[in-house]
Amino acid sequence: MALAPTMEVLDTKLFADAFSSCLPLPATLDPHFEEALRHVLDNHGSLVRPRMVFQVAVAYGLDSANAKDLAIALEYFHTASLLFDDLPCMDNASERRGVPCAHLAFGQAGAILAALALINRAYSLCWKAAAGASPECQPQALEYIEWCLGVNGVLNGQSLDLHYSTLPHNRETTESIARGKTVSLIRLTLVLPAMLGGASAREIQQLERVALYWGLSYQMVDDLKDVLQNVDETGKTSARDILLDRPNIATAIGIPATVERLTRFIHLGDRTLRSLLKARPGLSFLGKLRSDLQDELVKVTENACDTAVGERT
């Protein structure tokens, strides 16, 4: 059996091409709908998520075709959630991934239909990937998808997010919302491919913990960026949380406390990951990915610390 490719040699272009091509656009498609879909499919993000999904899936024995289907499926789910997030009835954003939001370019209906097209195709790709897994693994994995994306996960988190103005503006509330919106998608990224590969209960538990710590850490970084950076730095509309009274840990507990809590979660994630790698060294690429993300984490926390110092002087 050939060794799984490492994160360093995975071709980002391969995933960019797959992101653009895994949703076939028939010749009979309405031109306006096609234009909206091409706008979304041609403007992918960093593609870190699908690369991670692919690596985890292959590390647990899924073949590369099924691993790629699953990777693109989860990236489609993620992208669809961003299209909904950006709508005027949600965050009313103007820019995403360095380009105008889909609802500004193609109207709200165009953005919603594009999101639904991505979700529909994502489920189809998930079923294809699951069909290549052991029959014993399939029921748990498919139920996990619904649990993370449904009323227990992303949807409830989004509803709480929209009604944050009626909730206590504290750490408990903001982190509860982050568990629904952000951690649920990270769980799919790390845990779902392992489930389809027949991971042990212990490994699934450890991956769940890593997903929790990383998910909350990523949300804190995003919250700090919303407070500290502008659109040229983030590629998306910033300063929306305060304007819309949406959950932001940095405004709820302050920048210094956020940096301290972020650092703690990173360390907890690292400790859990080290334990996991002892049993599953094939996941060592996650440590490399963690190192690759360090530059961004350090940058935003340094900016946060500089701002905090300035506030005290």
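All of the numbers you see were taken from the coordinates with simple rules; none came from a lab. As the structure is a computational prediction, the values presented were derived from the model and not from experiment. Neighbour counts run over all protein chains shown; Cβ positions are idealised from the backbone, glycine included.
Over the residues of the chain, the helix contribution to mean residue ellipticity at 222 nm works out to -23500 deg cm²/dmol, using -39500 (n - 2.57) for each DSSP H run of at least 4. Which entry is the computed Kirkwood radius over Cα pairs in Å for this structure: (1) 20.1; (2) 19.6; (3) 25.9? Looking at Kirkwood radius over Cα pairs in Å for this model, the match is (1). Evaluating 6.51 cos²θ - 1.76 cosθ + 1.60 at θ = phi - 60° for every residue in the range 259-267, the Karplus couplings come out as 4, 5, 5, 4, 4, 4, 5, 4, 5 Hz, glycine and proline recorded as x.
For residue 95, the residues whose modelled amide H falls within less than 5 Å of its own, excluding neighbours fewer than 5 places apart on the same chain, are 101, 237.
So what is the relative contact order for the chain, in percent, with contacts set as C-alpha pairs under 8 Å and at least six apart? Display every interim value, and only then the final one.
Values: 396 pairs, mean separation 56.5, N = 313.
Answer for the chain is 18 percent.
Note on residue 124 and residue 32: with the Förster distance fixed at 22 Å, the Cβ-Cβ geometry gives a FRET efficiency of about 0.40. For the residue pairs 13/128; 128/288; 13/181, the C-alpha atoms sit more than 26 angstrom apart in 128/288; 13/181.
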